[in-house]
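One structure below.
Nothing in this text is a laboratory measurement; each read-out follows from the coordinates by a stated rule. Keep in mind that what you see is a predicted model, and the values were worked out from it rather than measured. Glycine also receives a Cβ, built like all others from the backbone with ideal geometry; neighbour counts cover every protein chain displayed.
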Amino acid sequence: MADIRKRGPYQWQVRIRRKGHPSQTKTFNTKAEAEAWAQVTESEMVRGVFVSRKEAESTTLSEALDRYAQEVSSKKKGAYQESRRIENLKLYPLAKRFLSTILGKDIAQYRDERLQNGLSEATIRRELVVLSHVFEVARKEWGMEGLMNPVKAIRLPSGRGIVRERRLSSFEESALLEACDVYGGDLPHIVRLALETGMRRGELSGMTWVMVDLKKRTVTLPETKIGEKRIVPLSQLAVRILSDLPRRIDGSVWGMTQDAITKAFIRALFRARTSYEKTCQEKGAKPDPSFLVGLTFHDLRHEATSRFFEKGLNPMQVAAITGHKTLQMLKRYTHLKAEDLAKLLDG
């Protein structure tokens, strides 16, 4: 039988001891709630379907996210990006709630608030995918068998982000490369190689000299984003870039992490934009508000992919270089310049 005791003027504590089950204790604000919980729990024990929810009832979402980041996210290739999503999730009041109290309606409210704040559906979907996996890992691996996954109870955003159409003009490219040269270090070489190969930031930062064959003009990526081997051909300029680099003792091609590349790229962009605005001011000209604005390092992959098509390569050849698995995926990264298409019509 359940033992129900009054604790202070406003709380009631239930303790259930039954042979073959761990002791269960829980506190409620009213006696009616305490009796209802005791009745349901004892019934589940009698029917042999009881699963302890003790840990889920004492673990907050924030604590679960921290554990997930340490035990799961840290082992992923996209650990840095996922850590940013986890930190965003922890900023919301939902993170202070116990896992067992979070319902589908709470996740739906979080989704809708993020949408109202202007985030893209793709961004929110990625956050919810992480959140769903946290609940699944807690349920399957952390001993919280009775925990329900509330993310599965709601409709996920479509995940179709806005297709970027950002291309570099020749003037922007010159200004960017000049700023990278001034910044120094590995950055100017990494940016030029990104434009020549279409390689992702993570693929570039993880390059080692073992992967590089300058005679065959290739870089062999043993495990890419989608988990498959890919051989990237090198243009003559790419070969010159790599040939001129000093060899590091640790065997890595670069001495920069993914995060360091991003930060350095942002600083170079800022330097290039500032220099451009200063030149316009000296000439008494109005600066172009879009010059180098909104550019990301990943846009270099977009630019490189578009250039492959402009050089006359067919979709299968481009996909072999970039690693895109479908034509639809390839299309999202490809925006050909109308003036170049017009020249092809005359040729």
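Sorting ASP299, ASP244 by the number of Cβ atoms found within 10 Å of their own Cβ, with the fewest placed first, yields ASP244, ASP299.
Of the peptides 125-132, 193-200, the order by per-residue mean of other Cβ atoms within 10 Å, starting with the highest, comes out as 193-200, 125-132.
The simple Förster model, with R0 at 30 Å and r as the Cβ-Cβ distance, assigns ARG155 and VAL239 a FRET efficiency of 0.05. Centre-to-centre, using Cα atoms only, the range 62-80 and the range 252-285 are separated by 31 Å. Annotation for GLU277 and ASN117: the two label points, set 7 Å from Cα along the Cα-Cβ direction, are 2.7 nm apart.
Taking Cβ atoms as reference points and 14 Å as the exclusive limit, the residues near HIS133 contribute a net charge of +4, counting Lys and Arg as +1 and Asp and Glu as -1. For the pair ASN29 and GLN109, a Förster radius of 22 Å applied to the C-beta separation gives a FRET efficiency near 0.40, rounded to the nearest 0.05.
The alpha-carbon atoms of the range 170-346 define a convex hull whose volume equals 140 cubic angstrom per residue. Remark: the THR220-GLN317 segment gains 33.3 nm on full extension, using 0.36 nm per residue and subtracting the alpha carbon distance. Charge tally around PHE291: other residues with Cβ under 10 Å, Lys/Arg +1 each, Asp/Glu -1 each, net -2. Between VAL293 and THR101, the contour length at 0.36 nm per residue exceeds the alpha carbon distance by 64.7 nm.
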